[in-house]
Amino acid sequence: MVRNWNQIPYLMSRKNICSEAVKAYQIGLYNLVIPALLPLAEGLASEIGLCDPRRTDAVKLVSKAQMTHPSTDIDFGAATMEVLERSYYGAQDFSKPAAPEQFNRHRILHGRVTDYGTAANSIRAFLLVDTVADIWRRLSKEAL
């Protein structure tokens, strides 16, 4: 999966981050994998250019925009949006504890949880970046 990211200039210029995230995953340093990868999903989504680059929910906005793209399977697009809206970008009340194994960008990147560093959440982070990479590929083919 990560090797295919080399086709994308944004990720290629961050090759060291991607390589180190893979190495960290391989040796079980999941607490390092996730905060390294989540910003890459956001940055790549902003690079696609379908939303204001100042937005912090670029992945969600780009995913919504690509759902109408002819190359998007409607069921896959809907499932992706459900995961993003319920989990990754779900609204959070920081005064309440997080659900176990919750993979929420806000709680992780704002330092509100300590137990996000699991193998499953690391895979979720890799899959999130790969989903945005897939959107980038679909939309860049159209532009060529």
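The values are calculated or read from the model by the stated rules, or taken from the named source; none is laboratory data. Because the structure is predicted, anything quoted here is derived from the model rather than measured. Reconstructed Cβ throughout: ideal geometry from the backbone, glycine too, with neighbour counts over all protein chains shown.
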Between a first residue in the range 103-119 that is more than 17 Å from G90 (Cβ to Cβ) and a second residue that is hydrophobic (A, V, I, L, M, F, W, C) and in a helix (DSSP H, G or I), which pairs have beta carbons less than 7 Å apart while being 6 or more apart in sequence or on different chains? G117/I34
Please list, ordered by residue number, the helices (runs of 4 or more DSSP H) wholly in the range 10-90 having 3 or more residues that are buried (at least 18 other Cβ atoms within 10 Å of the Cβ) and modelled with pLDDT of 70 or more. 15-26, 30-48
Qualifying residue in the range 107-120 (condition: buried (at least 19 other Cβ atoms within 10 Å of the Cβ) and within 13 Å of E42 (Cα to Cα)): no
Residue in the range 99-106 that is part of a helix (DSSP H, G or I) and at pLDDT 85 or above present: no
